[in-house]
1. State the antiparallel share, in %, of DSSP beta bridges confined to the chain, rounding to the nearest 5.
2. State to the nearest 20 debye the size of the charge dipole of the chain about its Cα centre, where the only charges are +1 on K and R beta carbons and -1 on D and E beta carbons.
3. Hey, what angle do you get for helix 130-141 against the long axis of the chain, alpha-carbon based, 0 to 90 degrees rounded to 10?
4. Put a dot 7 Å past each Cα toward the Cβ at Gln96 and Arg22; how far apart are the dots in nm?
5. Report the gain in length on full extension from Glu61 to Ala119: 0.36 nm times residue separation, minus Cα-Cα distance, nm rounded to one decimal.
6. Measuring from a point 7 Å past the Cα of Ser51 along Cα-to-C-beta, which residues in region 1-36 have an amide N at less than 18 Å?
7. Among Phe83, Leu46, Val99, flag the residue with its Cα farthest along the positive direction of the charge dipole of region 2-141, charges on Cβ as +1 for Lys/Arg and -1 for Asp/Glu.
8. Between the helical axis of 80-90 and the dominant principal axis of the chain, each derived from Cα atoms, what acute angle in degrees is found, rounded to the nearest 10?
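Readers should treat all values here as calculations from the given coordinates under stated rules, not as data from a laboratory. Everything quoted here is computed from the prediction, not taken from an experiment. For neighbour counting, all protein chains shown are included, and Cβ atoms are generated from backbone atoms with ideal geometry for every residue, glycine included.
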Amino acid sequence: MIICGVELTGSDAVVCLLELDRGQFSLPESKIRKLTLNKNHTREDLKQFQSDFADMLARNEVSCVAIKERMTKGKFAGGSSSFKLEAAIQLIADVQLEVKLIPTSLAKSTLSANPLPIAFTETGLKAFQEAAFITAYVGHMAK
């Protein structure tokens with residue numbers, strides 16, 4: 001099963017694919033590291049983002065998307081653009097796709113009980129993908 005971990009920052013959706021097969025994790029090849037919403041945020045821009053995201057999921061046979069949850073209030077609250085991106089992902093019209101939000105508290109407790117089997121620096125991913133990688137890992141372990 002392949003999970004796409006997502007961290008939403010501003011107008012970007014940073015992604016990381018993580019597969020769990022018979023107890024072994026692997027990182028499927030993907031040239032896409034992030035998808036960006038056009039700055040205008042028009043209806044057409046959102047539809048294009050959603051289409052591009054859905055295409056990436058289909059090409060990689062992703063069955064679940066795990067999104068790092070953002071706070072709605074306070075100093076570290078997510079911006080309006082990131083919530084638009086979240087809605088666009090959640091509304092992808094694929095009945096087989098599961099989309100779940102991963103709260104920080106769940107990530108912390110899951111990582112405490114099940115530490116990462118490999119150091120992030122050894123994955124070969126870009127540094128900005130770390131939160132998406134952890135979110136994908138927690139998505140697998142929280143099942």
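1. Values: 14 of 24 bridges.
Percentage antiparallel, nearest 5: 60.
2. 480 debye
3. 60 degrees
4. Between Arg22 and Gln96, the simple spin-label model gives 2.2 nm.
5. On the way: separation 58, 0.36 × 58 = 20.88 nm, distance 2.56 nm.
This chain segment gains 18.3 nm when fully extended.
6. Under cut-off, by backbone N: 35-36.
7. Checked the options; the winner is Phe83.
8. 70 degrees
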